[in-house]
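The values are calculated or read from the model by the stated rules, or taken from the named source; none is laboratory data. Small disclaimer: the values here were computed from a predicted structure and weren't measured. Note: ideal-geometry Cβ built from the backbone for every residue, glycine included; neighbour counts use all protein chains shown.
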Amino acid sequence: MLDNRHIMLFDLYSSGHHVTYLRQLCEYWINRRCVGKLSVVLSESYYYKHKDFLVFLQSHQTKRLHVHIISGFILLENGGGIRNILKNDLLQKKVAQLFVEKLRPTHVVFLYMDHLQISLGYSLRFNYDVALSGIIFRPTLHYSSIGYPPASWKERMWHIRKKIILRYALRNKHLRFLFSLDPYAVPYLKKLSNQITCVALPDGYTETPAQKVPSVLRSELEIEPKRRIVLFLGVVCERKGICKVLESLDKLPTSTQKKLCLLIIGSAIKNESVRITKKVADLKRTNDVQIVWKNLFIPDNCIQDYFRCADIALVAYQRHVGSSQVLIRAAAEGVPVVGSNYGLVGKYIVRHHLGSTINTTKADAIAKALYDWIENGSLGSFNIERARAFAIQNQAEQFASTIFNTLK
């Protein structure tokens with residue numbers, strides 16, 4: 001019975017998309033007056049990074065919604081490598097075990113199941129019949145079948161390892177539903193387990209009203225008149241392609257450089273900050289592209305303003321697995337993208353006519369795409385109606401309703 005359901009949302013990460021998805025789910029629960037009880041388990045880092053979100057949740061606390069803040073557990077937010085992933089996996093397992101046994105929910109949703117798979121496969125078990133479900137962001141088991149074979153033996157071994165770990169995770173007796181942000185992965189995920197139901201999940205985007213009109217924002221950013229704005233938004237790191245983007249600027253003719261402004265919105269990860277900051281400083285001295293870097297966290301309700309003042313958006317990820325909010329946000333504003341031809345990002349750009357796909361691991365390819373756009377007006381397969389239809393398919397309402405309606 002829905003009256004008796006008690007859903008626990010669990011996510012100890014606080015960067016990037018994590019707070020966005022949590023807010024969408026909680027707003028849907030509150031606004032739709034969903035039946036049952038919702039417990040939200042978060043890390044203490046939300047106190048420092050997303051105070052406004054905590055204030056929102058706490059202002060709506062009732063018997064139907066309660067927030068639990070975990071102290072003393074710090075995850076490595078941008079730590080890659082198997083060792084750091086394993087540390088985060090085991091730490092989340094410890095906290096999840098503690099709170100499931102304390103709160104006794106009927107259903108737990110892990111909002112980032114990718115870094116809990118090892119524990120799900122080998123040790124995360126409970127002494128009562130609680131149902132577990134989770135969102136998987138980066139499945140790769142289907143990539144060879146849809147045209148993206150491993151580029152090296154190292155990547156091949158990474159794909160094999162991920163498939164083995166996922167196969168064991170899906171054998172957890174408590175698992176009921178697996179939500180995938182990659183719809184192409186669903187048929188392949190279903191083959192790994194007869195026990196669970198796999199569901200394609202829209203990548204939720206919340207439409208927000210303008211905080212500042214483009215001309216005002218452009219003036220505040222001190223962008224020079226007549227410069228065309230190329231937007232790079234998100235975590236500023238090599239994996240997201242910023243190094244290749246910066247390298248590409250020197251490959252543009254001087255006449256083209258003088259027509260462009262590279263607008264970087266987002267902060268650099270700690271271990272790459274010094275190197276990227278130095279590269280930006282060097283380019284400002286030697287290159288005629290205007291570079292404006294807003295090196296700080298941008299609140300969710302302000303992000304869309306940057307797309308509204310952009311002429312084109314970059315999705316320069318380096319062999320990225322999974323979806324991209326940049327694609328959806330750009331599409332919502334009718335802004336074309338230059339993006340990776342690899343994986344789900346590449347599939348979406350082509351299928352929904354969002355712009356140009358290139359090999360973003362090559363600085364020459366990025367430079368050529370920028371040159372073709374600024375000098376020849378080339379936008380690839382961009383179609384503004386198709387782009388906006390894609391954004392509508394991925395609105396927050398679709399994301400939240402898919403999860404809560406599945407859990408009925």
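Okay, here's what the table says:
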{"quantity": "Failed item in (1) within 20 Å of the chain's Cα centre (by Cα); (2) more than 20 Å from Phe297 (Cβ to Cβ); (3) surrounded by 18 or more Cβ atoms within 10 Å (Cβ to Cβ); (4) not aliphatic (A, V, I, L, M), with Arg218 passing the rest", "calculated": "(1)"}
{"quantity": "Cβ-Cβ under 8 Å pairs, at least 6 apart or on other chains, region 43-56 side within 19 Å of Gly266 (Cβ to Cβ), far side surrounded by fewer than 14 Cβ atoms within 10 Å (Cβ to Cβ)", "calculated": "Ser45/Ile74; Lys49/Phe297; Asp52/Pro299"}
{"quantity": "Residues located in region 320-361, provided they are more than 14 Å from Tyr184 (Cα to Cα) and of a type in the set (Ser, Thr, Tyr)", "calculated": "Ser324, Ser340, Ser356, Thr357, Thr360, Thr361"}
{"quantity": "Looking only at region 47-97, and only at residues there that are of a type in the set (Gly, Ala, Ser) and either assigned by TED's automatic domain parsing to the domain that holds Asp300 or at pLDDT 85 or above (or both), the one that is farthest from Leu124 (Cα to Cα)", "calculated": "Ser59"}
{"quantity": "Residue count, region 316-327 (criterion: crowded, with 23+ Cβ neighbours inside 10 Å, under 12 Å from the mean Cα position of the chain (by Cα) and among the hydrophobic types (A, V, I, L, M, F, W, C))", "calculated": "2"}
{"quantity": "Any chance Asp129 is more than 20 Å from His320 (Cα to Cα), charged (D, E, K, R) and at pLDDT 90 or above", "calculated": "yes"}
{"quantity": "Of all residues in region 259-273 being touching a residue at least 60 places away in the same chain (Cβ under 8 Å) and in a loop (DSSP other than H, G, I, E, B), the one that is surrounded by the most Cβ atoms within 10 Å (Cβ to Cβ)", "calculated": "Ile269"}
{"quantity": "Residue ID - farthest from Leu201 (Cα to Cα), chosen from residues in region 132-156 that are hydrophobic (A, V, I, L, M, F, W, C) and at pLDDT 90 or above", "calculated": "Leu132"}
{"quantity": "Residue within region 377-385 that is surrounded by fewer than 17 Cβ atoms within 10 Å (Cβ to Cβ), charged (D, E, K, R), in contact with a Leu (Cβ under 9 Å, 6 or more places away or on another chain) and within 22 Å of Gly346 (Cβ to Cβ) present", "calculated": "no"}
{"quantity": "Set Asp311, Asp282, Asp364, Asp288: member being in the same structural domain as Leu263 (by TED's automatic domain parsing), surrounded by fewer than 17 Cβ atoms within 10 Å (Cβ to Cβ), under 18 Å from Leu231 (Cβ atoms) and charged (D, E, K, R)", "calculated": "Asp311"}
{"quantity": "Condition met for Tyr28 (modelled with pLDDT of 90 or more, more than 15 Å from Gln58 (Cβ to Cβ) and over 18 Å from the mean Cα position of the chain (by Cα))", "calculated": "yes"}
{"quantity": "Subset of region 140-194 (residues that are of a type in the set (Phe, Trp, Tyr) and touching a Phe, Trp or Tyr at 6+ places or on another chain (Cβ under 8 Å))", "calculated": "Tyr148, Tyr168"}
{"quantity": "Region 175-192 - residue that is without any contact (Cβ under 8 Å) to a residue 24 or more places away in the chain and within 18 Å of Gly121 (Cα to Cα) and, of those, surrounded by the most Cβ atoms within 10 Å (Cβ to Cβ)", "calculated": "Lys190"}
{"quantity": "Members of region 54-67 that are out of contact with any Leu (no Cβ under 7 Å at 6 or more places or on another chain) and either part of a strand (DSSP E or B) or under 16 Å from Tyr21 (Cα atoms) (or both)", "calculated": "Leu54, Phe56, Leu57, Thr62, His66"}
{"quantity": "Set Ile298, Ile303: member being of a type in the set (A, V, I, L, M), part of a loop (DSSP other than H, G, I, E, B) and either closer than 11 Å to Leu233 by Cα or not assigned by TED's automatic domain parsing to the domain that holds Ile349 (or both)", "calculated": "Ile298"}
{"quantity": "Subset of region 132-157 [surrounded by fewer than 16 Cβ atoms within 10 Å (Cβ to Cβ), free of Cβ contacts under 8 Å to residues at least 60 places away in the same chain and either among the polar types (S, T, N, Q) or closer than 30 Å to Ala400 by Cβ (or both)]", "calculated": "Ser144, Ser145, Ser152"}
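Here is a yes/no grid of residues against (1) in a loop (DSSP other than H, G, I, E, B); (2) under 23 Å from Leu22 (Cα atoms):
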position	(1), (2)
Pro187	no, no
Ser193	yes, no
Ala210	yes, yes
Ser215	no, no
Lys226	yes, no
Lys251	yes, no
Arg275	no, no
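For (1) assigned to a helix (DSSP H, G or I); (2) surrounded by 19 or more Cβ atoms within 10 Å (Cβ to Cβ); (3) without any contact (Cβ under 8 Å) to a residue 12 or more places away in the chain; (4) not charged (D, E, K, R), each residue gets a yes or a no:
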residue: Tyr348; (1), (2), (3), (4): yes, yes, no, yes
residue: Thr357; (1), (2), (3), (4): no, yes, no, yes
residue: Ala389; (1), (2), (3), (4): yes, no, no, yes
residue: Phe399; (1), (2), (3), (4): yes, yes, no, yes
